[in-house]
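The values are calculated or read from the model by the stated rules, or taken from the named source; none is laboratory data. Quick caveat: nothing in here was measured; it's all calculated off a predicted structure. When we count neighbours, we look across all protein chains shown, and the Cβ atoms used for this are built from the backbone with ideal geometry, even at glycine.
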Amino acid sequence: MTDDISSSISAYESITGLRVTIHDLSNRLWPYVDHDRFWHAHPACTTVKDGPAASRCVHFEIDRLRPALRHWPHGRIQCCHAGFVEFMVPVYHGGEVLAVLFAGPLNLIGDTASLAIHHDDPVRPAPDQGRLPEVPVPQAPHLLEGLRQLAARLRCWFTDGPIIIDAPRSRRHLIEAFLVENFRRHRPLGALARLLGVSVDRARHIVHEETGHNFSHLLQHTRLDAACARLLNTQEKVADVGARCGFPDPSHFLRVFRAQFGEPPGRWRRARRM
């Protein structure tokens, strides 16, 4: 299923020439999707984020767009504060927004009067960042519909993919799914042992046999993945992010994060935000 999602994203990008970005609000996708999918890494966006208007990117995505998603369940064409046009579609399941998909930035070619384009207020002229993909205005609704179909595939992943642990699957998938769902638990190895129907010691051996890593290693990496998602997708303080992701001691969170990524979480967040 993970390969299917990656293939679907690649197919959409190949057909449209647009880059797909995912805001992972569920904190569940990090073990399964390339991490550069989780922020707007197009050179045009990167240049804006490196400049004085970087805080407006965060304001546009978190403070303005997220609260308004319920008004746009089928997505929209939008123009951000920097003047870049993109397609946006939220991924809903059970009334909850689990992710937000973006495709762009792009240049619309032709008379845009027929399109409903949401503009941030105020919009500054887009900087000259070279040639963006060009989309004829009549094609824009079709590309937005394609992004909706990609969102539907991702919604199926949330319901049928490896985060669901009650369906028949390999023990490795069961372990991976358990970690994604239970990384916030205190001492979750006991719960995994009960799920597998074995002793704690035997569960520890099974984890190593199935994954090649010990349980504490996998748990820490799962927690760090979740912390990365929260750093990118919330305004929470760094210490609060750590506490929510299984690192109640801020200094321990700082040491572990720096050891894994080579920089503290605050600097990591600023470099990749949105």
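Find the helices (runs of 4 or more DSSP H) located wholly in region 207-274 whose residues include 3 or more that are aromatic (Phe, Trp, Tyr) and without any contact (Cβ under 8 Å) to a residue 40 or more places away in the chain, and list them. Walk me through how you get there before you give the answer.
On the way: elements: 215-233, 238-244, 250-261, 265-272.
Output list reads 250-261.
Looking for something within 19 Å of HIS35 (Cβ to Cβ) and not assigned by TED's automatic domain parsing to the domain that holds HIS35 - is there at least one such residue anywhere in region 189-209? Among the residues of region 189-209, not one is within 19 Å of HIS35 (Cβ to Cβ) and not assigned by TED's automatic domain parsing to the domain that holds HIS35, which makes the answer no.
Every condition in (1) among the basic types (Lys, Arg); (2) under 25 Å from PHE261 (Cα atoms); (3) in contact (Cβ under 8 Å) with a residue 40 or more places away in the chain is met by ARG37 except one, and the failing one is (3).
Can you confirm whether region 168-186 contains a residue that is among the charged types (D, E, K, R), closer than 22 Å to CYS245 by Cα, out of contact with any helix residue (DSSP H, G or I) (no Cβ under 8 Å at 6 or more places or on another chain) and part of a loop (DSSP other than H, G, I, E, B)? Within region 168-186 (the criterion being among the charged types (D, E, K, R), closer than 22 Å to CYS245 by Cα, out of contact with any helix residue (DSSP H, G or I) (no Cβ under 8 Å at 6 or more places or on another chain) and part of a loop (DSSP other than H, G, I, E, B)), the answer is no, since none of the residues qualifies.
Hand me the list of helices (runs of 4 or more DSSP H) wholly inside region 1-96 holding 2 or more residues that are modelled with pLDDT of 90 or more and on the phi < 0 side of the Ramachandran plot. Before the answer, list the steps.
Numbers: elements: 2-16, 43-49, 54-58.
Those helices (runs of 4 or more DSSP H) span 2-16.
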